[in-house]
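The values are calculated or read from the model by the stated rules, or taken from the named source; none is laboratory data. Computed from a predicted structure; not experimentally measured. Here the Cβ is made from the backbone with ideal geometry for all residues, glycine too, and neighbour counts use every protein chain on show. Calculation scope for accessible area: heavy atoms of the full protein, side chains included, ligands and nucleic acids excluded. Shrake-Rupley method; radii C 1.70, N 1.55, O 1.52, S 1.80 Å.
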Amino acid sequence: MRLIFLGPPGSGKGTQAAKLIEKVQVAHISTGDILRENVKLGTALGLKAKEYMDAGKLVPDDLIIEMMRQRLQKDDCSRGFILDGFPRTVAQAEALEKMLNELDMKLDAVILFKVSDEVVVERLSGRRGCRQCGAIYHIRFNPSLKGDSCQICGGELYQRDDDREEVIRKRLDVYHSQTAPLVGYYGKRGLLLEVDAGRSSDEVLKTILDAPWGRSE
Ligand code: AP5
């Protein structure tokens, strides 16, 4: 199974990817998570990416494309993958198409998470993540049973720097101007599956699991 999760910030891509990989053994590749790990480790990539991420802007295509070229060649991708947050521009989509051709891999589907801007703001301003294991919570919709600690590993829960309302609005603008054109790009290729991501997490997961993306396996 090879899927792309496409959708605005806060539409639930990371939440659904985490649920899906409990059911199917594929790699969950989140460009946001890889970048945040690089920022934490203070790598050259992390140092370059941080200013863009903090401002809610996209990290330049050449950095992202090179990062993904390396990631897609790792062994765990041979069983399939979910790309969460990549591609985000037409240039990234074109580069991905070329990379997959070279690796002799084919995409099964691009799942489009549709949700309104107001839902995004509500979800992201209440999001909390675990510093240790990366689990995602929401103070109202999905609180941790252990309060300010992660119910899975006990790690500390924190709020992302880019989950402040003014940065969320900027990220939404960037999504509409630079990423939304990918809807047409993948629509033309017959790969798009639209999901109403404003529903409950379980309903969204059911729609994804019921879809015919497994046909090439
Ligand atoms: P990234 O980390 O990818 O952020 P994003 O795409 O903005 O997506 P999010 O992680 O914010 O949201 P999500 O859709 O995963 O939602 P979640 O499941 O957490 O990117 C961060 C930055 O890195 C970018 O701004 C950019 O600078 C850079 N970057 C990354 N990739 C790049 C690329 N390819 N090119 C260039 N730059 C790149 O859910 C959100 C909240 O809602 C959670 O609290 C969750 O509990 C809750 N929730 C989820 N589903 C539901 C539901 N159905 N009902 C109620 N609540 C729900």
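In table form, for the structure just shown:
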| item | result |
| --- | --- |
| Per residue, in Å², the accessible surface of the range 34-191 once ligands and nucleic acids are set aside, probe 1.4 Å | 55 Å² |
| Volume per residue of the C-alpha convex hull in the range 149-217, rounded to whole Å³ | 163 Å³ |
| Partner aspartates and glutamates for LYS74 [C-alpha distance under 17 Å; skip if fewer than 8 residues away on the same chain] | ASP33, GLU66, ASP84, GLU102, ASP104 |
| The chain: antiparallel DSSP beta bridges as a percent of all, rounded to 5 | 30 percent |
| By average C-beta atoms within 10 angstrom, highest first, the peptides 115-124, 173-182, 78-87, 30-39 | 78-87, 30-39, 115-124, 173-182 |
| In Å, descending, principal axis extents of the Cα set of the range 1-67 | 35, 22, 20 |
| Carbon and sulfur %, accessible surface of the chain computed with the full protein complex present, 1.4 Å | 49 percent |
| Helical contribution to [θ] at 222 nm, DSSP H n ≥ 4, -39,500 (n - 2.57), averaged over the chain, rounded to 500 | -13000 deg cm²/dmol |
| Percent RCO, i.e. relative contact order, over the chain, from Cα pairs under 8 Å lying at least 6 residues apart | 31 percent |
| If the convex hull is drawn through the Cα atoms of the chain, its volume per residue in Å³ | 120 Å³ |
